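What follows is a set of notes on a single structure, which appears directly below.
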Amino acid sequence: MSDASTPTTDGAAPAPAPFRATTAPGVEVPDRPTVDGLEERWAPAWQDQGTYAFDRSARRDDVFSIDTPPPTVSGSLHVGHVFSYTHTDVVARFQRMRGKSVFYPMGWDDNGLPTERRVQNYYGVRCDPTLPYDASFVPPEKAPKNDRDFVQVSRRNFVELCDRLTAEDEQVFESLWRRLGLSVDWSHTYSTISATSRATAQRAFLRNLARGEAYSQQAPTLWDTTFRTAVAQAELEDKDTEGAYHRLGFAPTAGGEPVFIETTRPVLLPACVALVAHPDDERYQPLFGTTVRTPLFGVEVPVVAHKLADPEKGSGIAMICTFGDTTDITWWRELDLPNRAVIGRDGRLLRETPAWLSGAGAEFYATLAGQTVFSAQKAVVEALQASGDMVGEPKKITHPVKFYEKGDRPLEIVSTRQWYLRNGGRDSQLRSALLARGGELAWHPEHMKHRYDHWVSGLNGDWLISRQRFFGVPFPVWYPLDADGEPVYDSPVVPDEAALPVDPAAEPAPGYTEDQRGVPGGFAADPDVMDTWATSSLTPLLAGGWERDEDLFSRVYPMDLRPQGQDIIRTWLFSTVVRSHLEFDGLPWKRTALSGWILDPDRKKMSKSKGNVVTPLALLEEFGSDAVRYWAASSRLGTDATFDTGQMKIGRRLAMKLLNASKFVLGLGVERGTAADPAAVTEPIDAGVLAQLVTVVGQATEAFGRYDHATALDVTEKFFWNFCDDWVELVKDRAYGSRGEGPAASARATAALALRTLLRLFAPFLPYAAEEVWSWWQDGSVHTAPWPTTGELGAVDAGTTLVLPAAGQALSALRKVKSEAKVSQKTPLTAATVSGPAHLVEAGRRAEADIQAASRAASIEWVVVEGAEGLTAVAQIAPTEG
């Protein structure tokens, strides 16, 4: 029984002390705090004050550098970007508060196919590199609806339009990133098509070329007929596509029964160079070494054996064409077969009849020449049915077909000259070295390393880095022309590095004059540009000032962190490892953090290609940036998250509660700019809340250390709500002096210590709300304040850790009594009994006076009940007047 409060004459508890919020001099708290408008207030202030500026004088050991993903500038950002970039930003903010000088740049990936497609559709133009430059060209005011009506422009005019539109898009992107609260140093930005980036990419390529790591070669190439460009292995995507098996008979040259094969692409019959079966397949062993004739075209081709032939697929014997798929390439190369390609770069059958066709076969091909693959396939099938070479009707199937990840037509394989960079696909020693690099890298989460290992182990060729496009980094290469005007590819002409960047299409080769371009004995420019990944793979060098700002480079490279999406491990992450391994014989960063995907309500990945993305600006305006960041930060690295505005509403409520709870705390008279003295904390419940907070600080710090930001947020948020719902409600009366200055001072000191700590714990997640409250009573920015430590909260009294949980249970139980009686929570209790297990009863009794005041109980009797799980209460409700 406690006598901490004196009953009134009618047996009811005294009314709680009236609210007497007073702020100390210099503490400025708004009458009605709100999260609305905080972005407009603080984003410009952070920029003006240099809050996130990188300190170039910091030693490398004191720097935390981030290889920020440069978003593709080809339209608008979507909510998936907000999700993953928030993950990076919370790490940057944590490291900054831990005393690191954070190098957090921002790049724009503004070259490549997505940008070209956007420019074409936006302006209604199409690039024709044969046209001369028109200095007075003005694009149409409105793009034509039909792309056949697009205006043809020169390469230079097209590149100028690309530059113009990407510059506009970059401003929009930057504005959104600033609103989201990314703590980027905006003085460190770059674009992948700028002059400095072109020079860096060309320099790296020339060094690869000099070391024999880059080479050009005429070879079968995966080709997108829409974009008219080569495609690398890493850019492939299997899509289930409808097709049909056609059973075709090949007549043995020596006579006998036809040999039947089943194929989905009879259109490639004129490109057939052999039939192939497994060497152990007894059905076809007698045919090995013989020849057959192709139906319709009558070309004699051999029957060969190879272990990749699948006896269980179709009839067990297949035709090898140049080229139907990548297996055809393997067979062609390993069996030393002729190349009889019939599909051109435009996706149509070659317009000239191939030399290997003659007679009726040549005549039939002439009817196909120039047709699309689809039209030619239909014509070939009809001819096969008419000739009797096809048995039965086509058998419809659905099967995976290779597409370019950004394309909408199946890829073809055509023979072209391309540039390649060695990546271990054909070199087992290099492959082993790159797998070892993956082992040196710290992965967050760890299981993502398996994707890297799987990709590197499965490579079947070197990295194709050339593209037949216009808006990209040109290869810094020219070729001498022989007496017939043909390029001498084995003797490329390259510039001095000091001359970079160069544009061979607009500048003469070293040692030549412009009038020698394209004439026998003169020179020709390499016509291609680098794949966008060939530039993006150099982002640590682009951002870090490699060969341009060696002082900066020495302070930031190798970088500390590569954050990125899990879906581009095979492209961006691996290609960057390759470039760093070849140039520096080391890793480009120490660790990588991989975000998951955003899923739509149907649990499908959000992507622009699927048309199910959500743009973030409206969300930031409706819920506030802190709320959207809360949703993003609630998911762990590598974990897919469902797009959920409900979580954003919770985040907004949390940010508002932080403002309002802070207003209460500062209304207790906490002085500006000072940290409370833990020695002033004398009440057990106050000591207990600080003991809990010490645990939270330790847990959050440890979680950030292992790149588990979601746990850091979770433990902080749980403590905060308990702090507000239990401790604040329990100590209000005491904090305003109902029990004298000593207990009130204890409450004020506890509130100040807790608030100063909580603001810093929340700062990486809710930067606007945390900064707003910090500005009410502290100098400087919360984002440059030191991360909280356990030591600043004073010595932990382990015996008090249960006081707040027990007091909270007791108060909840007493409030339940009133709720069940359907009376106001302000109704006094003439007497109350709280029962439960001994450890909770003992802990609750230490906060009895606060429990009495909060529940308006005249007295409390504590009863130990063995075996009870929690505290329960019974009480007598004071009679109401009248």
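How fast does the chain diffuse by Stokes-Einstein, in µm²/s, taking the Kirkwood radius from C-alpha pairs at 20 °C and 1.002 mPa s?
For the chosen part, D equals 66 µm²/s.
Would you please state which residues of region 397-439 a label at D585 would reach in this model, taking the label point 7 Å out along Cα→Cβ and a backbone N cut-off of under 18 Å?
Under cut-off, by backbone N: 429-438.
Hey, what's region 278-331 come to in accessible area per residue, 1.4 Å probe, Å²? If you can, show how the numbers build up before the last one.
Working: 2490 Å² over 54 residues.
Averaged over the residues of region 278-331, the accessible area is 46 Å².
Give the share of C-alpha pairs in each 10 angstrom bin for region 608-666, from 0 to the last occupied bin, in whole percents, shortest bins first.
In order of increasing distance, the bins hold 21, 42, 27, 8, 2, 0 percent.
If you find the alpha carbon centre of region 684-736 and of region 747-807, how far apart are they in angstrom?
8 Å
Antiparallel DSSP bridges in the chain: what percent, to the nearest 5? Spell out each step's value before the answer.
Details: 59 of 91 bridges.
Within the chain, antiparallel bridges account for around 65 percent of the total.
Ignoring ligands, DNA and RNA, what percent of the 1.4 Å accessible area of region 315-408 is carbon and sulfur?
Carbon with sulfur: 51 percent of the solvent-accessible area.
Hey, rough spin-label estimate for S457 and T642, points 7 angstrom out along Cα→Cβ, what's it come to in nanometres?
Placing both labels 7 Å along Cα→Cβ, they lie 3.4 nm apart.
Could you check the simple spin-label distance between D134 and S428, using points 7 Å along Cα→Cβ, in nm with one decimal?
Output for this residue pair reads 5.8 nm.
Can you grab the distance from the C-alpha centre of region 488-504 to the C-alpha centre of region 25-101, Å, no decimals?
First find each Cα centre; the distance between them is then 41 Å.
Ordering K145, K395 by how much accessible area each has at a 1.4 Å probe, largest first, what is the list?
K145, K395
Using a 7 Å offset from the Cα along the Cα-to-Cβ direction at both R164 and R706, what is the distance between the two label points in nm, to one decimal?
Taking the simple label geometry, R164 and R706 are separated by 5.5 nm.
Considering only protein heavy atoms, with the full assembly of protein chains and a 1.4 angstrom probe, order Y365, Y245 by accessible area, largest first.
Details: Y365 0, Y245 55 Å².
Heavy-atom accessible area, descending, gives Y245, Y365.
Of all accessible surface on region 123-195 at a 1.4 Å probe, what whole percent is carbon and sulfur?
Exposed carbon and sulfur together represent 48 percent of the surface.
Tell me, how many Å apart are the Cα centres for region 544-614 and for region 342-415?
Between the Cα centres of region 544-614 and region 342-415 lies a distance of 40 Å.
What number do you get for region 285-443 when its Cα radius of gyration is normalised by 2.2 N^0.38 Å, N = residues? The partial results should precede the final answer.
Numbers: Rg = 19.5 Å, N = 159, 2.2 N^0.38 = 15.1 Å.
It is 1.29.
Output the relative contact order of the chain, whole-number percent, from Cα pairs under 8 angstrom with separation of 6+ residues.
Once divided by the residue count of the chain, the mean separation gives 17 percent.
Let me have the 222 nm mean residue ellipticity of the chain computed from DSSP H runs of 4+ only, each contributing -39500 (n - 2.57), with the sum over all residues rounded to the nearest 500.
On the way: 25 runs with 317 residues, N = 882.
That calculation yields -11500 deg cm²/dmol at 222 nm.
For region 200-339, what ratio Rg/Rh do Cα atoms give with a Kirkwood hydrodynamic radius?
A ratio of 1.08.
Can you compute 3J(HN,Hα) from phi for each residue in region 628-638, using the Karplus curve 6.51 cos²θ - 1.76 cosθ + 1.60 with θ = phi - 60°, rounded to whole Hz and x for Gly and Pro?
5, 4, 4, 4, 5, 6, 6, 9, 6, 4, x
Across region 31-182, what fraction of all alpha-carbon pairs, as a whole percent, falls in each successive 5 Å bin from zero upward?
Per 5 Å bin, starting at zero, the Cα-Cα P(r) for region 31-182 comes out as 2, 8, 14, 15, 14, 11, 10, 9, 8, 6, 3, 1, 0, 0 percent.
For region 114-163, what is the Kirkwood estimate of the hydrodynamic radius, computed as the reciprocal of the mean inverse distance between distinct Cα atoms, to one decimal in Å?
Averaging 1/r across every pair of different Cα atoms and inverting gives 10.7 Å.
Along the three principal axes, how long is region 643-737 when you take its alpha carbons, biggest first, rounded to the nearest angstrom?
That works out to 47, 28, 26 Å along the principal axes.
So what is the relative contact order for region 290-447, in percent, with contacts set as C-alpha pairs under 8 Å and at least six apart?
19 percent
Heavy atoms only, probe 1.4 Å: what % of the accessible area of region 492-581 goes to carbon and sulfur, would you let me know? Numbers along the way, then the final one.
On the way: 1620 of 3000 Å².
That share works out to 54 percent.
Consider a paramagnetic label point 7 Å from the Cα of V614 along Cα→Cβ; state which residues of region 71-94 have an amide N under 14 Å from it.
Correct set: 78-84.
So what does log10 I(q)/I(0) come out to for region 729-825 at q = 0.11, 0.13, 0.21 Å⁻¹, using the Debye formula with one equal point on every Cα and no solvent?
-0.50, -0.68, -1.12
Computed from the mean reciprocal separation of all distinct C-alpha pairs, what Kirkwood hydrodynamic radius does region 38-126 have, in Å?
15.6 Å
Which of the GluC sites (Glu not before Pro) across region 169-243 are loop residues per DSSP, with 16 or fewer other Cβ within 10 Å?
none
With a 1.4 Å probe and every protein chain left in place, work out the accessible area per residue of region 362-450 in Å², rounded to a whole number.
51 Å²
Please report the antiparallel percentage of DSSP beta bridges with both residues in region 248-345, rounded to the nearest 5.
Antiparallel bridges make up about 80 percent of those DSSP assigns within region 248-345.
Can you tell me the accessible area per residue over region 755-811, all protein chains present, probe 1.4 angstrom, in square angstrom?
That works out to 26 Å² per residue.
The values are calculated or read from the model by the stated rules, or taken from the named source; none is laboratory data. For clarity, every value in this text was computed on a predicted model and none was experimentally measured. Using ideal geometry, Cβ is built from the backbone for each residue, glycine included, and neighbour counts are taken over all protein chains shown. All accessible areas refer to the heavy atoms of the entire protein, side chains included, with ligands and DNA or RNA removed. Shrake-Rupley method; radii C 1.70, N 1.55, O 1.52, S 1.80 Å.
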